1. Could you please state, rounded to a whole Å, how far the C-alpha centre of the stretch 81-133 is from the C-alpha centre of the stretch 236-296?
2. Going highest first, how would you order 79-85, 91-97 by mean Cβ packing within 10 Å?
3. Taking θ as phi - 60°, what are the ³J(HN,Hα) couplings along the stretch 229-245 by the Karplus curve (6.51, -1.76, 1.60), each to the nearest whole Hz, with x for Gly and Pro?
4. Just the projected area, averaged over all directions, of the convex hull on the alpha carbon atoms of the chain: how many nm²?
5. May I ask what percent, to the nearest 5, of DSSP beta bridges between residues of the chain are antiparallel?
6. What percent does the relative contact order of the chain come to when contacts are Cα pairs within less than 8 Å and at least six residues apart?
7. Based solely on its DSSP helices, what 222 nm [θ] is calculated for the chain when runs of n ≥ 4 H residues each add -39,500 (n - 2.57) and the sum is averaged over all residues, nearest 500 deg cm²/dmol?
8. Hey, got the dipole for the chain? About the Cα centre, +1 on K and R Cβ, -1 on D and E Cβ, debye to the nearest 20?
Amino acid sequence: MCIANWNCRELLRDCLRSLLRQPQGVPLEVIVVDNASSDGAPEMTAEEFPEVLLIRNGRNRGFGAASNQAAALARSPYLFFLNNDTLVPPGTLGRLVEYAEAHPEAGIIGPRLCDDTGRTQVSCRPRPTVATFLHRTSLLRWTGLLRRGYHQYRREVLRGPSGARTVEILMGAAMLIPRRVFFAVGRWDEAYTFGGEDFDLSTRIGGRQPLHYLPEVSVVHYSRSSTRLNVAYSAPNVAIGFARYLRKSGESRPAMFVYKLIVTLDAPLQLAVKAAQYAWRKLWHREEKARNSLQRVQELWYFLTRGLWEFWRV
């Protein structure tokens, strides 16, 4: 069990309780690598969960590097990479390992991700392309030119057979990977800081062995909760990670230039729109929607002020 953490003490506490305070059906070896949190997360882990192997980094090394540290120390034949903003229901690990034992050909096994009401989240996807990400921009979304491909990309998890199936990409919030497979492909690519690394690992492992999506096993995922707590760090790095993945997966230089140019031009436009939306919603006391707008304003601001240079360099 490998968990990377940075400044998410309460989320991490709930995650560890779900793992260690209820039966999971298999012996657990839980390793938390803390990336120099300042919110007391490592102290909480050491005090409340002494059975956890805790590694304290002196700086934030990023998700991939921290996950590699945990994997290097793990002794189990299976590595379970888990986000800190998750809850693992009783017996989940046992069911995943049982499936893995019955399907040794699987390179990664991913459970269904759902919110705390049981609603399915995007848990698997086709491989993203430049067109996929460009539909996220307001400049092209309004035209509808890329709508069909984007909807296919986003809704892959909701289609297809109800049982286990092979997919192209599994979301990194919860991944069970045979140890031999993980080290054979070179581990997480530490060039990714935060964002895009699950696309990359899925692509590399998927080139060797099939990826299995197992919807009958669920993990609760408070999607984007950790990123919202650390938006100044997450927002620019997610954009950079997506660009890095597209370049590494073989997109042409002209396609990458067009992608970066449109994203760069679109960001200040979206910033202005979301700022106006925030003001309007505050005026009409729509507090929850106003918070959502403000979150997007912050993400765009940090991308423009902290991530734009690196975005163009990758």
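Bear in mind that the values in this text are calculations on the coordinates, not laboratory data. Nothing here was measured: the structure is a model prediction, and the numbers come from that model. In this analysis, Cβ positions are derived from the backbone assuming ideal geometry, glycine residues included, and neighbour counts consider all displayed protein chains.
1. Their Cα centres are 26 Å away from one another.
2. Sorting 79-85, 91-97 by mean packing, highest first, produces 79-85, 91-97.
3. 6, 10, 5, 5, 8, 6, 4, x, 6, 5, 4, 5, x, 4, 5, 4, 5
4. Averaged projected hull area, Cα only: 16.4 nm².
5. Once the DSSP bridges in the chain are tallied, antiparallel ones form about 45 percent.
6. Dividing the mean separation by the residue count of the chain yields 20 percent.
7. Here the helix-only value at 222 nm equals -14500 deg cm²/dmol.
8. It comes to approximately 1280 debye.
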